[in-house]
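K.L.:
Pasting a structure here, questions to come.
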Amino acid sequence: MKASDLIVKALENEGVEYVFGIPGEENLDFLNSLRGSKIKLILNRHEQAAGFMAATYGRLTGKPGVCLSTLGPGATNLVTPAAYAQLGAMPMIMITGQKPIKKSKQGRFQILNVVDMMRPITKMTRQIVNGNNIASLVREAFRLAMEERPGAVHLELPEDVAAEEAPDTVFEPNTIRRPNPETKSIKKAVKMIEKAKRPLLLIGAGANRKRTSKALLDFIEKTGIYFFNTQMGKGVVDERHAQYLGTAALSDHDYLHCAIARADLIVNIGHDVIEKPPFFMEQGGKKVIHVNFFAAQVDEVYFPQLNVIGDIAYSIKEIGKQIQVQSDWDFEYYARIKKEVDHHIATNSDNSKFPLIPQFLVSAVRKALPEDGILTLDNGVYKIWFARNFPAYHPNTILLDNALATMGAGFPSAMAAKMVYPDKAVVSICGDGGFLMNSQEMETAVRLGIDLVIIVLNDSAYGMIKWKQAALKFEAFGLDYGNPDFVKYAESYGAIGHQVDCPENFSKTLAQCIHAKGVHLIDVPVDYSENHKVLNEELYAKTCIL
């Protein structure tokens, strides 16, 4: 059979549903093979958006999302999504085209060494040089992409190889069970927790990748130990829980960090140093138990005293079975901090100022979104507000990027989330800067008949950098710009645009759009003066209760 037919057959064999991307002339054999396949081609308007969609598909399903580009500029446009998937531990396969490698009359036109370019930001990058290698390479690509820690894999399919004859054979996928942790490490973890006076639980992104919610909830219910999470660990345990202390949206100087400072032991479930640090360790300070699929990557702010390596859910389940609740555990301080955290988050949540302030915005979105609705965030200062103030009720219902933290990913992520969960409400929060980086995908969403809501936070500036600029006491400079009329812009793509002119109008419009058909864009003027006031001045000036 033709090599391009074989690679499509191998993708089908792996259970691939979609290929996201933009084909080029070097992909035409593959495209023709895909034409007769049950795999659906999702034609995007930019390769970057295709990569973000594939990565998000992988994040939500645990199966690699697949994206496609041509050579040269098409492949370079996948570099950011590759880094996004690699740092964010999202399984993804990239397939790029290339000129013929055995005989070509086009010189060096569009030729880049894409394989070497992808090497630092993937788990594997290979050029397919012979049709005989396709079956094994595809199987290995999927194995590596899914294996902990998940990430990006790249395959380059040259034009002449795609047209070759290849053996009609594929390798069957097989399930690899994650190993259970060593018994001695479980027993040592139990002893460390029992010996501690103020143990505290941290839930990170790794716990969100695998279904660990029940094991963690059972552990918390049995022990009464309080917990907090990283930004990418939100929702693993329902954040309405009485022992929930908050999300570490900042590395220090938040109310939550008063509790972290008082803890003598942190049990760290599924967090690694790729994500922005939720706290800083110091020599001679609190002890940390690292519970994850892989050993801790040690650096100057993270050097745990114990590694419990293996399946996370099993580790927590076994620790929970063996642990004995201790009468001298002291959680009274955590209970007091929780009251402070809850009070601070509630402050100004009903403030009817216009343009909208972040506290009101977050509260209004939470009230409007169903419990199992999915919220995707692009990158900007509003991400900190949503991480701190927005309670997630279920795993993977708030999708944000706290690893690469790239702009432009929020809207494509929402599209992929809606494709994975067509019956769930999906809302994407984007700053005006980040949204315009991939706003052309509105055409894709409309063409595909995707129902979702995009909230564009309009301050006509790069607000995150302005906040940092103010924190460093620099003069405001170089970060303001103009915007299109977002309502007309949405309508030009066949979407429905809405302009917000007061807080009541925002809440009503959002509620209506969530339950409506079609792509809805809501243009929301925002007032970011609270950024400096609260995040720079108020939090830095606070004193932890004694």
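K.L.:
Could you check region 506-542 and list, in sequence order, the residues that are part of a loop (DSSP other than H, G, I, E, B) and either farther than 16 Å from residue 388 by Cβ or of a type in the set (S, T, N, Q) (or both)?
P.N.:
We begin by selecting, within region 506-542, every residue part of a loop (DSSP other than H, G, I, E, B); these are 515-518, 527-528, 542.
515, 516, 517, 518, 527, listed by residue number.
K.L.:
Can you work out which of the residues in region 358-375 that are in contact (Cβ under 8 Å) with a residue 60 or more places away in the chain and outside any helix (DSSP H, G or I) is surrounded by the most Cβ atoms within 10 Å (Cβ to Cβ)?
P.N.:
First, the residues of region 358-375 that are in contact (Cβ under 8 Å) with a residue 60 or more places away in the chain: 358-361, 364-365, 367-370, 373.
Applying the additional criterion that residues be outside any helix (DSSP H, G or I) yields 369-370, 373.
Numbers: 369: 23, 370: 12, 373: 20.
So, considering only residues that are in contact (Cβ under 8 Å) with a residue 60 or more places away in the chain and outside any helix (DSSP H, G or I), the one surrounded by the most Cβ atoms within 10 Å (Cβ to Cβ) is 369.
K.L.:
How about region 151-195: which of its residues are under 20 Å from residue 15 (Cα atoms) and acidic (Asp, Glu)?
P.N.:
Scanning region 151-195 gives 168, 172.
K.L.:
Just checking, how many residues over region 323-357 are surrounded by 17 or more Cβ atoms within 10 Å (Cβ to Cβ), among the β-branched types (Val, Ile, Thr) and over 18 Å from residue 266 (Cβ atoms)?
P.N.:
2
K.L.:
Now for a separate question. Name the residue that is nearest to residue 40 (Cα to Cα), counting only residues in region 402-457 that are crowded, with 20+ Cβ neighbours inside 10 Å and among the charged types (D, E, K, R).
P.N.:
418
K.L.:
Which condition breaks for residue 414 when tested against (1) touching a strand residue (DSSP E or B) at 6+ places or on another chain (Cβ under 8 Å); (2) touching a residue at least 60 places away in the same chain (Cβ under 8 Å); (3) under 18 Å from residue 362 (Cα atoms)?
P.N.:
(2)
K.L.:
Of all residues in region 261-285 being free of Cβ contacts under 8 Å to residues at least 24 places away in the same chain and on the phi < 0 side of the Ramachandran plot, which is surrounded by the most Cβ atoms within 10 Å (Cβ to Cβ)? Full working, then the answer.
P.N.:
Within region 261-285, the first condition is being free of Cβ contacts under 8 Å to residues at least 24 places away in the same chain, and the residues that meet it are 281-285.
With the extra rule that they be on the phi < 0 side of the Ramachandran plot, the set shrinks to 281-283, 285.
Values: 281: 19, 282: 9, 283: 6, 285: 11.
Once the filter is applied, the top-ranked residue is 281.
K.L.:
For region 484-494, indicate whether the set of residues that are touching a residue at least 24 places away in the same chain (Cβ under 8 Å), surrounded by fewer than 21 Cβ atoms within 10 Å (Cβ to Cβ) and either touching a Cys at 6+ places or on another chain (Cβ under 9 Å) or not in a loop (DSSP other than H, G, I, E, B) (or both) is non-empty.
P.N.:
yes
K.L.:
Tell me which strands (runs of 3 or more DSSP E) are completely within region 1-81 and hold 2 or more residues being in contact with a strand residue (DSSP E or B) (Cβ under 8 Å, 6 or more places away or on another chain) and either crowded, with 18+ Cβ neighbours inside 10 Å or among the aromatic types (Phe, Trp, Tyr) (or both), or say none if there are none. Outline the logic, then answer.
P.N.:
On the way: elements: 18-21, 40-43, 65-69.
So the answer is 18-21, 65-69.
K.L.:
Need pairs with beta-carbon distance below 9 Å; first residue free of Cβ contacts under 8 Å to residues at least 24 places away in the same chain and within region 431-446, second in a loop (DSSP other than H, G, I, E, B) and among the hydrophobic types (A, V, I, L, M, F, W, C); sequence gap 6+ or separate chains.
P.N.:
Filtered contacts from region 431-446: no entries.
K.L.:
Counting only residues that are of a type in the set (Asp, Glu), over 28 Å from residue 469 (Cβ atoms) and in contact with a helix residue (DSSP H, G or I) (Cβ under 9 Å, 6 or more places away or on another chain), how many does region 489-546 have? Steps first, please.
P.N.:
Step one: filter region 489-546 for residues of a type in the set (Asp, Glu), giving 491, 501, 504, 523, 527, 530, 537-538.
Applying the additional criterion that residues be over 28 Å from residue 469 (Cβ atoms) yields 491, 501, 504.
Now restrict to residues that are in contact with a helix residue (DSSP H, G or I) (Cβ under 9 Å, 6 or more places away or on another chain): none.
Adding up the residues that qualify gives 0.
Any read-out appearing in this document is the output of simple, stated calculations on the displayed coordinates, not a laboratory observation. On a predicted model such as this, the values are computed, not experimentally measured, just so you know. In this analysis, Cβ positions are derived from the backbone assuming ideal geometry, glycine residues included, and neighbour counts consider all displayed protein chains.
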